[in-house]
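Read the figures in this text as sums done on the coordinates, not as results from a lab. Everything quoted here is computed from the prediction, not taken from an experiment. As a convention, Cβ positions derive from the backbone with ideal geometry for all residues, glycine included, and neighbour counts pool all protein chains shown.
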Amino acid sequence: MASDVGFSVIIPVHNKLPHLERSVNSVLHQTHKNLEVILIDDASTDGSSKKLQDFTDKRVKVLRREVPGAGGYAARNLGINHARMEWVCFLDADDEWKPNVLETVAQLAATDGEVEVISWSWFIKEGNSQSLNGFSVLHKKYDCKTYTLIDFLTVPPPIWTGAVAIKKGRLIAAGMFPEKDFTRGGDMDTWVRCLWGSKKNVWLNQAMSYYHTDSVNMVTRKEDRNPLFIFSPFLQNLITTTDDKELREAILFYQNRYLYIILNGRVYEGKNIDYKLLSRMHLGRQALWLGLKLHLNRLRHAVGLI
């Protein structure tokens, strides 16, 4: 039965005091009640530590780390290690869920014994405006859709940290989140490793999460765009060892695409093109087109058109 499906919801907290009630209460107010909430105080200094003690629901467990970890990855891993439920979800301390997230996911998990990764649509929200994520826009005609690692690599990602449930065993088998070197992109690296070994992955066309882009202390604002996740040891090894031509081409496409996203983001910040990084693109028509777009955007920025 769907009511028997249990979820461990992990929320890392590092200096997110203004948003804590919104985030944590959106989980505690779920219509599906078979859950635990694991709050990881990642060495907060803004009063968040004290605020966490106000959440007295018996389903809440508070853990503390004395030294904050980059990207919240070590905090998430601590939560995974303490999780008691079969399914694990994540929510950043400044984002939120609709009340029906876990009920909807539990209905699928209870009827499909093979599925190990379930994701859903989400809104990107800034102030009073919001937009649907790219994968959901592209696949709006479907009620749900299965996807593979190749799909993940070649289209806008169907997974975001606040819009995915993964079996705990799959996360552990994949090596969980990277705690060393990564300051950004560690979640992408984790999804790649999870999808590589999972039996079945399903996306639900229901927008049930909100990604707030106007929050305090956001990693995406503090940390520079880093290409490490694009050339992670796992992906680099997969390129050289796989006999699957389609998978290899998908990896190369993914690496070129995200190199462009990083370089173009820096252009929009007024920075020069990093030609050393650009040279890591795999040559071909895609690389030529992306390189041309990048230089056109640099020129447009220089003359004040963007």
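Cα convex hull of the range 224-302: how many Å³ per residue?
Cα convex hull per residue, to the nearest whole number: 79 Å³.
Please list, ordered by chain and number, the residues whose modelled amide H lies under 5 Å from the amide H of G6; skip anything fewer than 5 residues away on the same chain.
E86, W87
Please give the contour-minus-distance gain from S3 to D112: 0.36 nm per residue of separation, less the Cα-Cα distance, rounded to one decimal in nm.
Between S3 and D112, full extension yields an extra 37.8 nm.
Simple spin-label model, 7 Å along Cα-to-Cβ: A207 to D57 in nm?
With each label placed 7 Å out from Cα toward Cβ, I get 2.4 nm.
In what sequence do I172, I230 fall when counting other Cβ within 10 Å, fewest first?
I172, I230
Tell me the Kirkwood radius of the range 246-288: reciprocal of the mean inverse pair distance over distinct alpha-carbon atoms, in Å.
Kirkwood radius, the range 246-288: 10.8 Å.
What does the charge count near I166 come to, summing +1 for each Lys or Arg and -1 for each Asp or Glu among other residues with Cβ under 13 Å from its Cβ?
+4
Using alpha-carbon pairs under 8 Å, 6+ residues apart, how would you state the relative contact order of the chain in percent?
Over the chain, the number comes to 18 percent.
Bins of 5 Å, beginning at zero and ending with the bin holding the largest distance: percent of Cα pairs per bin for the range 148-306, please.
The calculated distribution, bin by bin, is 1, 8, 15, 18, 20, 17, 12, 6, 2, 1, 0.
Considering the alpha-carbon set of the range 42-99 alone, what are its Rg and its Dmax in angstrom?
12.2, 33
Compute, for the chain, the length of the dipole vector about the Cα centre, with Cβ point charges of +1 (Lys, Arg) and -1 (Asp, Glu) only. Units Debye, rounded to 20.
620 debye
What order do you get for E179, E66 when you list them from fewest to most C-beta neighbours inside 10 Å?
Listed from fewest to most nearby Cβ atoms, that is E66, E179.
Per Stokes-Einstein, at 10 °C and 1.306 mPa s, what whole-number D in µm² s⁻¹ belongs to the chain, with the Kirkwood radius over Cα pairs as the hydrodynamic radius?
The calculation lands on 78 µm²/s.
Using 16 Å as the cut-off for backbone N distance, which residues of the range 1-20 belong to the label zone defined by a point 7 Å from the Cα of K33 along Cα→Cβ?
Answer for the range 1-20: 2-7.
May I ask for the Kirkwood hydrodynamic radius of the range 1-114, worked out over all distinct Cα pairs and given in angstroms to one decimal?
14.2 Å
Going by how many other Cβ atoms sit within 10 Å of their own, how do W120, W191 line up, fewest first?
W191, W120
Would you calculate, for the chain, the mean residue ellipticity at 222 nm contributed by helices, counting each DSSP H stretch of 4 or more residues as -39,500 (n - 2.57) and dividing by all residues, to the nearest 500?
-11500 deg cm²/dmol
Determine ³J(HN,Hα), in whole Hz, for all residues of the range 47-64 in sequence, where each value follows from phi through the Karplus function 6.51 cos²θ - 1.76 cosθ + 1.60 and θ = phi - 60°; x replaces Gly and Pro.
Along the range 47-64, the couplings run x, 4, 4, 5, 4, 4, 6, 6, 8, 9, 4, 5, 7, 9, 10, 10, 10, 10 Hz.
Quick one: if the Förster radius is 51 Å, what FRET efficiency do E21 and I273 give, using the C-beta to C-beta distance and rounding to 0.05?
Here the calculated transfer efficiency is 0.75.
Which FRET efficiency value, to the nearest 0.05, is calculated for W289 and S129 with the Förster distance at 35 angstrom and r the Cβ-Cβ distance?
0.70
Calculate, for V303 and D181, the FRET efficiency according to 1/(1 + (r/R0)^6) with r their C-beta to C-beta distance and R0 45 Å; round to the nearest 0.05.
The pair V303/D181 has a calculated efficiency of 0.75.
Along the positive direction of the dipole of the chain (beta-carbon charges: Lys, Arg +1; Asp, Glu -1; about the Cα centre), which of G69, F152, M176 reaches farthest?
In the chain, that residue is F152.
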